[in-house]
Amino acid sequence: MNLKTRTLWGLFAVILWFGVVAPHFHDRIQRATLEGPKPFSLQNLRDRLAADTGAPDEDLVSSMTQLAALQRSEEMRVSAMWSLFDPQALQQARTMAGQLPPPTHAVDPRFFEPLVPELIRRTSEGYGVGRAPLPTNAPPLSDTERDDLLRVMLSAVHHRLIEKEQAAALLQGAHELLELQMERMALETAIREAVELIP
């Protein structure tokens, strides 16, 4: 193998690494860092307690009821935030979602969805920190993954497809959603610890 052939093979290897292999691994690593533990399954816990013939733990039952209420409140916030956007803007934002830069800060996904603090940051930077009330009559959303909805909303904010008045309500909703998620995280931790103590 002469010098020219070696140079060509070396050039090909560099292009392959930086053009295909490295970006692929970068995307996989980034996705892995944004994936947290599997969602807490309230239904699995209910099934487990239903199979238990002993007296129910009243504190645990109360905590589970509170957890279900928090989850409903989160879904209501996401529905209200989604309703702020014009359907055409959402369609455009969905097609442009792949152009989103990665989140600025590393976020521990065990605490909350990484896209929620990123949505707060980008909305504040792009539109200011105004607050406005969320709509109270937003229709419930379909079974679309919440992560997909948040990514589309983030894309709409990033590409400035929302008016300033709606952005203020979006910021309010994102803050409320983050607070609910933090409360749910603490409650889920307490429930898991209580379940581990059940013989």
Yes or no: the stretch 143-165 includes at least one residue that is touching a helix residue (DSSP H, G or I) at 6+ places or on another chain (Cβ under 8 Å) and acidic (Asp, Glu).
yes
Yes/no for LEU170 being in a helix (DSSP H, G or I) and modelled with pLDDT of 90 or more:
yes
Tell me, please, whether a residue that is part of a helix (DSSP H, G or I), within 22 Å of the chain's Cα centre (by Cα) and at pLDDT 75 or above can be found in the stretch 21-32.
no
Pair list, Cβ under 8 Å, 6 or more apart: the stretch 119-139 residue under 11 Å from ALA80 (Cβ atoms), other residue basic (Lys, Arg) and surrounded by 11 or more Cβ atoms within 10 Å (Cβ to Cβ)
LEU134/ARG77
Given (1) at pLDDT 90 or above; (2) crowded, with 20+ Cβ neighbours inside 10 Å, GLY126 misses just (2)
Please determine whether any residue of the stretch 135-144 is in a helix (DSSP H, G or I) and within 16 Å of the chain's Cα centre (by Cα).
no
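The values are calculated or read from the model by the stated rules, or taken from the named source; none is laboratory data. No experiment lies behind these values; they were computed from the predicted model shown. Ideal geometry is used to build each Cβ from the backbone, glycine not excepted, and the neighbour counts take in all protein chains shown.
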